[in-house]
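Encoded as structure tokens, the structure appears first; notes follow it.
Derivation of every value follows stated rules applied to the coordinates shown; laboratory data play no part. None of these values were measured; they are calculated from a predicted model. Every residue, glycine among them, receives a Cβ derived from its backbone with ideal geometry; neighbour counts consider all protein chains shown.
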């Protein structure tokens, strides 16, 4: 087929399309099936036995402005249609680049996949697991008998942070083992160590056992009573990854898991929540736990919006999908519930104004600002708020609890000085 035979009908079509209000650019495609065509230009040729597309781009001007020798530039290319994506499609090819910055970039190459498996390079999850432990420690500290010293609060919090670091890593390992056939189909997770084959299942299971033993060691470093409070959480840690397969609200199950530390600060400082005389403290710990569950739903729903498109293709359930039509209204309602439950924890614990203004007021202000400004359609913005929310909202709650603890210590010191003077 000669070039003139191709361009002649295209030029006629272009003249017919030309009007005073002409298009700035037009693209014309001609498809022919079951015909084998060859168009040679110089030494190159293109052949397709099924279809070919002739794409013409021409600046169309009114017909009277065209010169008599005007020509149309043609390009011949194959027409192909990209396959639709689904959970049954083969995973996208992984192009992994070893880290060149950050802590794990300095590790031996053999250790890097395991460091990535426990998300050592992404510590935000550790902070979210640690903060409920810190909240309960600070809430319980002025209620202990005698009042917990600052050194005891610091030591207990440090043990909780170490435990959070270990158990968050164990939770990530469990999650990646459960999701090893789903992660390759999600853009954000397809290069995780198990998904890309850097760590096998046979290697991950003994590694998980070592993590759980290390976590047990930290738990045994706390008062014995903490052991009986901590062990039940292992059931939640193990089963949470399955929630996304059976419910649209796996973030709620994650909240039950990540918020367990809201109970742990009380027995760590010698307060038995099961004693009848401590019923008000049991209710306080329960409200704090429920508040942290609600907080988890808020921040993890924002986190889930990073994967909302891939989750549809992979068949993963998510609160982001379930509440997509009224996302910010739902987030606002859960945030109000969170602050209300936090206030309830303070009421049952006999907290003062510093707690209600600092912790409750700070949480309300930071959550309102985050929900109003977060762009749920932006992966980068969702990640930014998830990453910073730990220390924006979590930091506000911590500052209020620290202030309340300091005031209680000052009041106790004043009472002791008064008794000495008398």
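Starting with the highest mean, order 259-272, 353-366 by the number of other Cβ atoms within 10 Å, averaged over the residues of each peptide.
On the way: 259-272: 23.7, 353-366: 19.4.
Most protected by this proxy first, the peptides run 259-272, 353-366.
Classify the range 302-422 from the C-alpha gyration tensor, please: rounded if a/c falls under 1.5, else prolate or oblate depending on whether a/b exceeds b/c.
Numbers: a/c = 3.76, a/b = 3.11, b/c = 1.21.
Judged from the Cα gyration tensor, the range 302-422 comes out prolate (a/c at least 1.5, a/b above b/c).
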